[in-house]
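Accompanying notes for the structure given below.
The values are calculated or read from the model by the stated rules, or taken from the named source; none is laboratory data. Note that the structure is predicted; figures quoted are calculated from it, not measured. Positions of Cβ are backbone-derived with ideal geometry, glycine not excepted, and every protein chain shown enters the neighbour counts. Heavy atoms of the whole protein, side chains included, go into the accessibility calculation; ligands, DNA and RNA do not. Shrake-Rupley method; radii C 1.70, N 1.55, O 1.52, S 1.80 Å.
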Amino acid sequence: MKRLLSLGLLAFFLNSCDDGDIVYQELNFDNNPVEKCSTKNLFLKKNGKDMLIFKIDTLQLSANNLPLAQPKTFEIGTNVELIYRVYDDLAISASICESLPPAKPVVTSEMKASPGGTAVITRDLRTLAPSTETDPITIVYFYNFEFRNISFKDGDNDINNSKIAFGEYQYTQNQLTFKFKENFNPIPCTTGDDLRLVVHSDTDAMILSLPQNSIELTEGTQTFNIDETHFLLYKSYQIRGGVVTSEMACSNETIFGNTKQLENWKAVEGIVKIVTNKVIQAENDPEAKTEYSHKISLEKVKFTKEGRTFTKDIVPFGIYNSKL
């Protein structure tokens, strides 16, 4: 007669004694990190002699296939597998990650989850608060794995689990430095009806969209709110040869040869402050036009990306010069 084991936590059959009694142990991976093989599509967790292995093509985990904070369900089967192993000694990652695995430890038991269960995977991010206002904003990207309705079979025994919380795996992180040259003169983008000013470093750029005639040619201070129409963009790039240019920053494209855009955050909440001063002209120059210097900064700026947000209290932008 088939025997059914239904466990609240992950528990696995190990062996049968001579008198027919089933011996099993309950596995606890809660405090152990999720790891990934660097050259294989395998995620794993270890606990002593035990290892839980999840196999999935990482192309299915791309940003195009997994929008942020939107769980996606994958069927357990041939291409998506969940495997439980027991070794005769402490489990090591090299046993499954290396092309030529070490002779020890030796697998003493292996069970594959039967088709019918599911893997629920969520791709998400979190921002790490900087220690000071001048420190970078760190963006951490991770996957969260959960398995549902998992059934492991071994001979006449079924081991069923309604839910297995596998945990998180951090797959990359980026930084938004907010470090641009002091008194950098913003450059107008040539596209669009609005006034779009861009500042950039070698790897990052900001684009401020303003109404075309919003900067007044008179001394004084202006403040106004940014919104969906007039906003601030922050872009960060992975540079492989060369540096970010104003043309890259102004463009809607995300790939420029070997340079790839990593981050694009949009701020639609915040206050723009523009302090305008007249530039002293050279004497006895009848051709000289009246020139103004506009120091632009932003306050209480709320950046957003796919539903995730962070706030910068002060965002210096640059000094824009104009002539009457």
Hey, what did the range 123-268 get for relative contact order, percent, Cα under 8 Å, at least 6 apart?
17
Under 5 Å between amide hydrogens, which residues at least 5 positions from Thr203 or on another chain qualify, with H placed 1.01 Å from N in the peptide plane?
Val244
Who wins for biggest fluctuation among Gln170, Gln212, Gln261 in a Gaussian network model of the chain, springs between alpha carbons below 10 Å?
Gln212
Quick one: Karplus J couplings for the range 75-91, per residue in order, coefficients 6.51, -1.76, 1.60, θ = phi - 60°, nearest Hz, x for Gly and Pro?
6, 6, x, 6, 8, 10, 10, 10, 10, 10, 10, 10, 10, 7, 8, 4, 5
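Would you mind getting me the FRET efficiency between Lys278 and Thr134? Use the beta-carbon distance for r and R0 = 35 Å, nearest 0.05. Each step should come with its number before you reach the end.
On the way: r = 31 Å, r/R0 = 0.88.
Once the sixth-power term is evaluated, E becomes 0.70.
Please give the length that would be gained between Asn174 and Ile314 if that part of the chain were fully extended, namely 0.36 nm times their separation in residues minus their C-alpha to C-alpha distance (nm, one decimal). Working shown, then result.
Working: separation 140, 0.36 × 140 = 50.40 nm, distance 2.05 nm.
Computed gain between Asn174 and Ile314 is 48.3 nm.
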Which residue, Leu208, Leu61, Leu100, has the most motion in a Gaussian network model of the chain that connects Cα atoms within less than 10 Å?
Leu100
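Can you check what the net charge comes to around Thr254, using other residues whose Cβ is under 15 Å from the Cβ of Thr254 (Lys, Arg +1; Asp, Glu -1)?
Working: positive: Lys235, Arg240, Lys260, Lys266, Lys305; negative: Asp204, Glu247, Glu253, Glu263, Glu306.
Local net charge: 0.
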Round to a whole number: what % of the accessible area of the chain belongs to carbon and sulfur, probe 1.4 Å?
47
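Give me the 1.4 Å probe accessible area per residue for the range 211-324, excluding ligands and nucleic acids, in Å².
Values: 6580 Å² over 114 residues.
About 58 Å² of surface per residue is accessible.
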Return the long-range amide H neighbours of Thr259 (sequence gap of 5 or more, or a different chain), with a cut-off of under 5 Å between placed amide H atoms.
Arg240
Between Thr221, Thr134, Thr290, which gets the highest mean-square fluctuation from a Gaussian network model of the chain, Cα cutoff 10 Å?
Thr290
Percent RCO, i.e. relative contact order, over the chain, from Cα pairs under 8 Å lying at least 6 residues apart
12
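Per 0.36 nm of contour for each residue apart, how much would the distance between Asn252 and Lys323 grow if the chain were fully extended, relative to their Cα-Cα spacing?
Going from the current span to full extension adds 22.7 nm.
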Formal net charge of residues neighbouring Asp313 (Cβ-Cβ distance under 15 Å; K, R +1; D, E -1)
0
Among the lysines, which have Cα under 19 Å from the Cα of Lys55 when same-chain residues fewer than 8 positions away are ignored?
Lys36, Lys40, Lys45, Lys46, Lys72, Lys112, Lys153, Lys163
May I ask you to list the lysines whose Cα is less than 16 Å away from that of Lys260, ignoring any residue fewer than eight positions away on the same chain?
Lys235
Where a ≥ b ≥ c are root eigenvalues of the Cα gyration tensor, a/c under 1.5 meaning rounded, otherwise prolate if a/b exceeds b/c and oblate otherwise, the range 227-324 counts as oblate
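Given the Cα-Cα distance of Asn225 and Glu98 and 0.36 nm per residue of separation, how much length would full extension add, in nm?
Values: separation 127, 0.36 × 127 = 45.72 nm, distance 5.56 nm.
Net length gain for the segment: 40.2 nm.
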Once amide hydrogens are built 1.01 Å from N within the peptide plane, the residues lying 5 or more places from Phe184 or on another chain with amide H under 5 Å from its amide H are Ile319
Quick calc, Val107 & Asn64: beta-carbon distance into FRET formula, R0 35 Å, rounding 0.05, result 0.45
The ³J(HN,Hα) series, computed from each phi in the range 38-47 with the Karplus coefficients 6.51, -1.76 and 1.60 at θ = phi - 60°, rounded to the nearest Hz and given as x for glycine or proline, is 5, 10, 10, 7, 10, 10, 8, 9, 10, 8
First select every other residue whose beta carbon is under 15 angstrom from the beta carbon of Tyr87; then total the charges, Lys and Arg +1, Asp and Glu -1.
0
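With all distinct Cα pairs included, what does the Kirkwood hydrodynamic radius of the range 73-200 come out to in Å, to one decimal, could you say? Each step should come with its number before you reach the end.
Working: mean 1/r = 0.0509 Å⁻¹.
Taking every pair of different Cα atoms in the range 73-200, averaging 1/r and inverting gives 19.6 Å.
Work out the FRET efficiency for Leu90 and Lys181 from their Cβ-Cβ distance, taking R0 = 51 Å, and round it to the nearest 0.05. Could the numbers behind the result be given before it?
Numbers: r = 53 Å, r/R0 = 1.04.
So, using R0 = 51 Å, E works out to roughly 0.45.
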